Every structure is written in structure tokens, then in C-alpha cells.
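Worksheet for the structure shown next.
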Amino acid sequence: MNFVSTRGNVSEIGFIDTVLMGLADDGGLLIPSKIPQIPQTRLEEMAKLTYQELAYEIFSYYIEGEIPENELKELIHQSYSTFRDPEVTPVRKVKDNMYVLELFHGPTFAFKDIALQFLGNLYSYVSKRQNKIIHILGATSGDTGASAIEGVRGKEGIRICILHPHQKVSKVQELQMTTVHDKNVLNLSVKGTFDDCQRIIKELFADVDFKNKYHLRAINSINFVRILAQTVYYFYAYFQVAKQTGIKSLNFSVPTGNFGDIFAGYLAKRMGLPINKLILATNENNILERFIHDGVYMPGQFHSTYSPSMDIQVASNFERYLYYLLDENPSLVSSLMDQFKSEGKIVVSEELLQKVKDDFAAHGVMGEECLQTISKYYDESNYLLDPHTACGVAAYEKYNESSEVYVTLATAHPAKFNESIERCHIEQVFPEKINQLFNKPQYQEIVDADNNEIVRELERLFSSSH
């Protein structure tokens, strides 16, 4: 399997080089040169596999022997042995035609653990194999940071720096990142929004000399491994629900701000998984909803919401979908991304918009609707939704056709967002691991959204590697 850039200027590279490059050197995103096709007969066989066995099967299509079989199996075992549920991502029936896929049973109670436990172990594996130090740089709207730190803390040969928007993540998210006191971890609390953090990361990765000098590696979903690891739970959910219901195709409602989680579903569908509709759920920061409805991709005014992990205006994975929407034409992608940089928007034709609507539906969930959904499901089903999952459930309700079956992705444990839960006058019991965070000291540097200031902090961290 070879990988190429959405912008066409990175020649075909292998899986491990793709992991290490993160953002393509031409500023684009890396994608497989050809999406593997899984025939129906193979899908029927895969339905019998455990989560770990399924992960091995799907990863193997993309890794194609670059990691020996026994070593890949061991990496997968290490990554998912940290989860609290033996199924890793169990499916719960909440209503007659709606299931919730619980993605929060990992060490930091968020769906990001599924990809980042694996990516952390993979980086450690590559570092040892190549005898090279790895410097990880990432931005977070809350969950990626905690999951990434948990995935690599204390690991030999790895340093990690995470940028998060100052006072714009939940208290538990902040504590999960900043109570880690390891010499290989640096938390930068940036005076700005997640989009500021993400912009700085992309600009630093786009400086190829700087990136190569410091062996910078990406932990954000610009790294294709993040997407790959997330496709697994779409397959797993489909197989579990099909066993219970006998359905032949399934709809997914996906809370997403950065387009990574739902792009993983799109990739699973392109691989042959019988997904009918992908419903994109977002909040007041609804750039993606507007694109799916109108064909115009243009950031609006930033809003702080009850679902802060989706408080994002510029979705870094959107370019991957654009590549497939434009029939895998990298020069068209490049010109549209240049246009976005200069004019601040992308507009697609009516014909392309129809293709978008064939792939996706979308619903932007406003604050009150989010809280009402939490209250309603707690009262009627005795199921407590976190505010992001509530957006997904509200989107399912908007598009619900009783003859169809839906799975909503539950992206985080409600304890991570108690500020929103309290607004519903619901008192929840925190898991002990989260309770303990409140008694720990915090370690973070508060910085301006300034590339030079952040580079100085990075050089200080990286100099301690040598």
C-alpha cells in the first residue's frame, strides 16, 4: 500500500513513512493511493472477529507487511488492553431503532483513546526500531490532548507538546492534560481558540526545515493513522447491530468538529461497509453543516458552546473528503485550498453539492436543543449522554425514519463535561479515576497565540531530549 498527498506533490510513500510525515510535505493530507475493497464474503467472515482481531484485519489492508504480523498483533493488544470494557467499543440499545456506540471506555474516557493508544504505541515501536527520538506536536479542543499524553507519557525516546485553548476546554479535560508531571510532556495553554492552536500546528508542520530539524511528528487527525484506527469501530458496530437486528445497511450519526470521526465512516463505506447515510452532527460552530446544506465552506463567528470539543471553525480533515469529492484530482484540491487561504471560502457547484448530499446529512444543534436532549434521554431511557453525544442523538432524531436503524457515536463519558450536565439539573457520580484529578497539582505554561513564542517553548522541551 502506498500513500499520496491530496495536493499531488508527495510521491508514493509507505505506511511508516506516512505515519512519520503526518502532514504531507506539500501542505496536503496523506491518503491511500487506492482504497482497499472488502468483498461481501470477507465481511461475513469478519463479523465473527473480536475487536482486536478486526483491528488487525483492517490495519493489514493498509500496512501490507511493513510491520511483521506478530509485532502488529502485539501493538494492537497493548493498545486495547487498557480499555475498561472487554468489547473495547460496546454497542448499547437505547431506543427501538437507535443504538449508541460507546467509544469512551479507554484511559481518558474519550473516543480519541481508540486511535491514540495505538498511535502512541506505534510511535514508541518506530522510535525503538529506527533508534530515533520522536517529538510529537499536537493541538486539542480538549480530548485529543489528554488521549495523546496518556498514549506516550513516560515512553523512552518520545517528547510531546500539546496546545489547548486557554479556559476553553472543560475542567476535567484540562486536568487530564495538566496534572501529568512527566519530563517528556509539555502543556501550552494558548490565549485564543482551538482554530488558533490548529493553525499554529499546521504552519509549523508546513515549515519542512523546522519539521525535519526537530523530527516533528503529528498526533492530530492530520495523521492518517488516526483515521485508520477509527474506521474499525464502524465495522464493529455494524457487525454487532446486524447480529441483533438482521439489518443489511446502517445509518450513523456522528458528532464531529474536525471532520475526522465522520471521515473514518466515509472511508469504511468506501471500503465496502454497507453504510446508508452518515449524519454529521455539530453545534453552533456549524461550518460543516452549512457546507453540506449549501455547498459553501466558510468559517463563521466562533462560539463557545456546551459541547466544547466541537468548537471548531476550520475542519482539518475536510481536505481529505474534498479530494474524493473532486474525483481524486490533486490540482483541483490545491487550487481550492489556495482559494480558501486567500478568500476564506470554498464554493462547490450544484452538481458536486448533490454528491455531498448523497454522502451526508447534517444538523447543527444549538445549545438548548443539546441540553433538552440530555434531559429527555436521562428521563425516558435512564441513559446519560455527554453534550457531544447529545448533538449526535438530536441529529438522529431530526432524520429518524422508523423503518431504518441508526447508531449514534458516543464520543465521551458525561463526567468529562459536568458543566453541561449540571445545567440539566442532573447529578452524576464521577468515575474514581476522574475524581482523583481534582486533588492533583497542575503543570502548564500560558502563552500567546504566537508562533515564535511557541517555537521557543518547543526548543526548550526538545533540548532536554539530547
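The values are calculated or read from the model by the stated rules, or taken from the named source; none is laboratory data. These numbers were taken from a predicted model, which means no experiment stands behind them. Here the Cβ positions follow ideal geometry from the backbone for every residue, glycine too, while neighbour counts run over all protein chains shown.
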Discussion item. When you scan region 62-70, do you find a residue that is within 21 Å of Y123 (Cβ to Cβ), buried (at least 16 other Cβ atoms within 10 Å of the Cβ), at pLDDT 95 or above and within 21 Å of the chain's Cα centre (by Cα), even just one?
Written reply: yes
Worksheet entry | Set P387, P414, P431, P441: member being touching a His at 6+ places or on another chain (Cβ under 8 Å) and closer than 30 Å to F235 by Cα | P431
Fill in: Long-range neighbours under 7 Å by Cβ, at least six apart or interchain, first residue on the phi > 0 side of the Ramachandran plot within region 276-301, second assigned to a strand (DSSP E or B) and at pLDDT 95 or above
G295/V347
Fill in: Boolean, K73 is buried (at least 16 other Cβ atoms within 10 Å of the Cβ), free of Cβ contacts under 8 Å to residues at least 40 places away in the same chain and more than 21 Å from the chain's Cα centre (by Cα)
yes
Worksheet entry | Residues (within 26 Å of H77 (Cα to Cα) and among the acidic types (D, E)) located in region 1-59 | D17, E44, E45, E53, E57
Worksheet item: Scanning for something over 24 Å from the mean Cα position of the chain (by Cα) and either of a type in the set (D, E, K, R) or at pLDDT 95 or above (or both), does region 229-240 turn up at least one residue?
Response: no
Response to the item:
Inside region 132-159, the number of residues satisfying the requirement of being of a type in the set (S, T, Y) and in contact with a Lys or Arg (Cβ under 7 Å, 6 or more places away or on another chain) is 2
Response to the item:
Matching residues in region 325-348 (farther than 12 Å from G28 by Cβ, of a type outside the set (F, W, Y) and touching a residue at least 24 places away in the same chain (Cβ under 8 Å)) number 7
Worksheet item: When the residues of region 146-159 are filtered to those that are touching a Gly at 6+ places or on another chain (Cβ under 8 Å) and of a type in the set (D, E, K, R), which remaining residue is surrounded by the fewest Cβ atoms within 10 Å (Cβ to Cβ)?
Response: K155
Worksheet item: Here is a list of conditions, (1) under 20 Å from the mean Cα position of the chain (by Cα); (2) closer than 19 Å to T373 by Cα, and Y99 meets all of them except one; can you say which number that is?
Response: (1)
Practice prompt. Confirm whether S141 is closer than 17 Å to N184 by Cα and among the hydroxyl-bearing types (S, T, Y).
Written response: no
Worksheet item: Scanning region 1-23 for residues that are assigned to a loop (DSSP other than H, G, I, E, B) and of a type in the set (V, I, T), which turns out nearest to D327 (Cα to Cα)?
Response: T6
Worksheet item: Exactly one of (1) touching a residue at least 60 places away in the same chain (Cβ under 8 Å); (2) out of contact with any strand residue (DSSP E or B) (no Cβ under 9 Å at 6 or more places or on another chain); (3) not polar (S, T, N, Q) is unmet by K93. Its number?
Response: (2)
Fill in: Residue check, E328 in a helix (DSSP H, G or I) and within 17 Å of I227 (Cβ to Cβ)
no
Item to complete: Determine whether E319 is outside any strand (DSSP E or B) and in contact (Cβ under 8 Å) with a residue 12 or more places away in the chain.
Response: yes
Worksheet item: Do we have D143 as at pLDDT below 95 and crowded, with 20+ Cβ neighbours inside 10 Å here?
Response: yes
Worksheet item: Cβ-Cβ below 6 Å, separation at least six or inter-chain, first residue in region 237-266 and on the phi > 0 side of the Ramachandran plot, second crowded, with 19+ Cβ neighbours inside 10 Å and assigned to a loop (DSSP other than H, G, I, E, B): which pairs?
Response: F259/A315; F259/N317
Fill in: Conditions (1) closer than 19 Å to M98 by Cα; (2) buried (at least 23 other Cβ atoms within 10 Å of the Cβ); (3) of a type in the set (A, V, I, L, M, F, W, C): number failed by A242
(2)
Item to complete: State whether one or more residues within region 433-451 are β-branched (V, I, T) and more than 16 Å from I200 (Cα to Cα).
Response: yes
Worksheet, complete the sentence: Looking across region 179-210 at residues that are farther than 28 Å from L30 by Cβ and touching a His at 6+ places or on another chain (Cβ under 9 Å), the single one that is surrounded by the most Cβ atoms within 10 Å (Cβ to Cβ) is S189
